[in-house]
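Take a look at the structure below.
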Amino acid sequence: MPLPPFIFYMKQAIIGIGNPLMGDDGAGIAVLNLLKQRKSELPEDIDYVEMGTGGINLVHVLADYDKVVLIDAAKFGGQPAEIRKFRPDEVHTLKTQGYSLHDWDLFTSLDISKKMGELPDDIIIFSVQIIDASPVDHMTPQVEKAVVEMAGMIVDLF
Amino acid sequence: MGEININVEHLTRVEGHGNIVLNAKDGTVEFVQWQVSEAPRFFESFVRGRPYNELSHITSRICGICSIGHSLASLKATEAAMGIQITEQTQILRRLAIHAENLQSHVLHVGYLVAPDLLGAPSVVPLASSHTDAVLKIVGLHRLANEFSNLVCGRTVHPVSLIVGGFSHIPSEKQLKEIRQKWVDAIPDVVAVAEIVLSLAHKLPNFTRETEFIALTADDEYAIYDGDIGSTDGGRWPVAEYLDITNEFVVPHSTAKYTKHKRESYMVGALARFNLNYDKMGPLAKEWAGKFGLQPVNHNPFMNNVAQLVEIVHSIEDTLAQIDKLLEMGVNVNERPKYEVKAGRGVGAVDVPRGILFHDYTYDDKGVCVKANCIIPTNQNHNNINLDFQAIAPTLLNLPEKEIELTLEMLVRAYDPCISCSTHYLDVQWKR
């Protein structure tokens, strides 16, 4: 299989994960969309990647980058709509493999990328504590507010 | 002999999970059940009131793994409802699209879920250290399948270039030649993965329960994209008569509807397709089926894993053949759909990685959907899984509890079920 070409400059991406049809689960995509509108405040060479629910494909996306910012909704026992910025080694995942490819966990993709030697050098995760992830096409007002705040935090990061 | 109480709950997300329950006492199974408690997702209601050209894009969101299959079933239903004819070029490109999805899905299932089971690993992650070369090949093949999907469908997931009546973007001859060569070059990697699975195949439980297999079937090809509904118990029906096959019903222990046809249950998926369409497989795929001793009609559900592997080979063989056909015809990259919007009802069926999938739409004269029905493969398998549980459980009682649990889990995984993949938020705990 062809390997990604050797890269002499740092390739960076902001990656949104989630499903906008499932309430607060869409927070990652909502932040990404806000950042796309604020491109002028961010470095020109950043790629904006919408992963949707295809988390298993993250392995292939990560292979292309040296630095990534991942945005995903989360349950981490925090206050409703609380924002957390962390690195992968700061958490244990509570998800198990389950029965199917549909139960894919972000951290499994990160583990595989690491074993493949394709993990970006720099990974930062932004998460917001979900309040309601049920089949509706809008987030709760608290998470919607947090989405705006997270977008600001990511702009400040660069 | 004492008591055995197994209750495996995979609460990997709130919306959907399957539970395995087994209670046995003094060598007798008192209760065994495969329970599915998945919240309804109302896609059939989402599409009501929406225009015909949005439906394939909405229903593609039913699944993050089978999104191409849902798009194709949706487009076929719309085209059947409005009497829209598609060109030979579109038919071939759609076959390539479904092969791309079959390759994406089967490679992941065999490599990421089945291989860890056979190697006694909890997941694919430790295999990346212990079987690095194999995992590299699996990831490489999946990456190529994604590239193939991207070329034909405009995306790796949730296709954009598949539209009513044809394609909004058509790959060039140069691109088709390049991807063809990549698949030719990938065959040794597929063979290497198949060799590993073959060396472990003796670990697949030798369990047989006779059942009915339902899949698309056709006279001139290994049916995946098109055909009639076929049964290993005999019979062939147009897809428009699908309701006479699926006969959905509800049971107390499952929020998913069950189905049955001639027997108490039936099975769909790679093994069903293999059992019905073996004669039309490519020669290399047949050779590999022979190495595994897989012959139609095989009634061991664990062999669905092997049927998937054999289908990977077939999908590559047929991809090469379909691309050759396109190149011989000459690719018209400017071809665009032509049709009139009409009122009507239509049914579309494709055989996606997990089995036969039906979409059924009714449109008004403005092309607005007034009624929809979708029957997904996994729901057609739940009943069969449950009856397999009842047959296999009494044969396992002498094993340690953990081994019984693993065998039942492997049985469920063999069906490669699609249980809600609608949300993907993280579930984490801080390290102290």
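A few comments on the model shown:
- Centre separation in Å (Cα based) which lies between segment B:356-408 and segment B:181-230: 19
- Three-way shape label, segment B:43-396, alpha-carbon gyration tensor, a/c 1.5: oblate
- Whether the protein assembly as shown is rounded, prolate or oblate, judged on the alpha carbon gyration tensor where a/c under 1.5 counts as rounded: rounded
- Ellipticity estimate at 222 nm from DSSP helix runs (n ≥ 4, -39,500 (n - 2.57)) divided over chain B, nearest 500: -14000 deg cm²/dmol
- Overall form of chain A: oblate. Here a/c, set by the Cα gyration tensor axes a ≥ b ≥ c, is 1.5 or more, and a/b is not larger than b/c.
- A cut-off under 13 angstrom between Cβ atoms defines the neighbours of A:GLY16, and their net charge, with Lys, Arg +1 and Asp, Glu -1, is -3.
- Top of A:ASP66, A:ASP45, A:ASP132 by mean-square fluctuation, Gaussian network on chain A, Cα under 10 Å: A:ASP45
- Dipole of chain B, positive direction: furthest Cα of B:CYS66, B:THR246, B:TRP288, with charges on the beta-carbon: B:CYS66
- Of B:LYS342/B:LYS371; A:LYS75/B:LYS371; A:LYS115/B:LYS137; A:LYS36/A:LYS85; B:LYS286/B:LYS325; B:LYS260/B:LYS366, pairs whose Cα-Cα distance is over 25 Å: A:LYS75/B:LYS371; B:LYS260/B:LYS366
- Chain B: most fluctuating residue of B:MET329, B:MET281, B:MET303 per GNM, C-alpha cutoff 10 Å: B:MET329
- Residue-averaged 222 nm ellipticity for chain A, from DSSP H runs of 4+ at -39500 (n - 2.57), nearest 500: -8500 deg cm²/dmol
- Against the main long axis of the alpha-carbon atoms of chain B, helix B:67-82 sits at an angle near 50°.
- Set of aspartates and glutamates near B:LYS257 by C-alpha distance (under 17 Å), chain-local residues within fewer than 8 positions excluded: B:GLU15, B:GLU38, B:GLU44, B:ASP244, B:GLU248, B:ASP360
- A simple charge model with +1 on the Cβ of Lys and Arg, -1 on the Cβ of Asp and Glu and nothing else charged puts the dipole of the protein assembly as shown at about 440 debye relative to its Cα centre.
- Amide H within-cut-off set for B:HIS158, under 5 Å, with H built and near neighbours excluded: B:SER67, B:ILE68
- Cut-off under 5 Å, modelled amide H: who pairs with B:THR255 long-range: B:VAL36, B:SER37, B:GLU38
Laboratory data are not the source of any read-out in this text; all were calculated from the coordinates shown. Computed from a prediction, not measured in an experiment: that's the story for all the values here. Backbone-built Cβ (ideal geometry, glycine too); neighbour counts: all protein chains shown.
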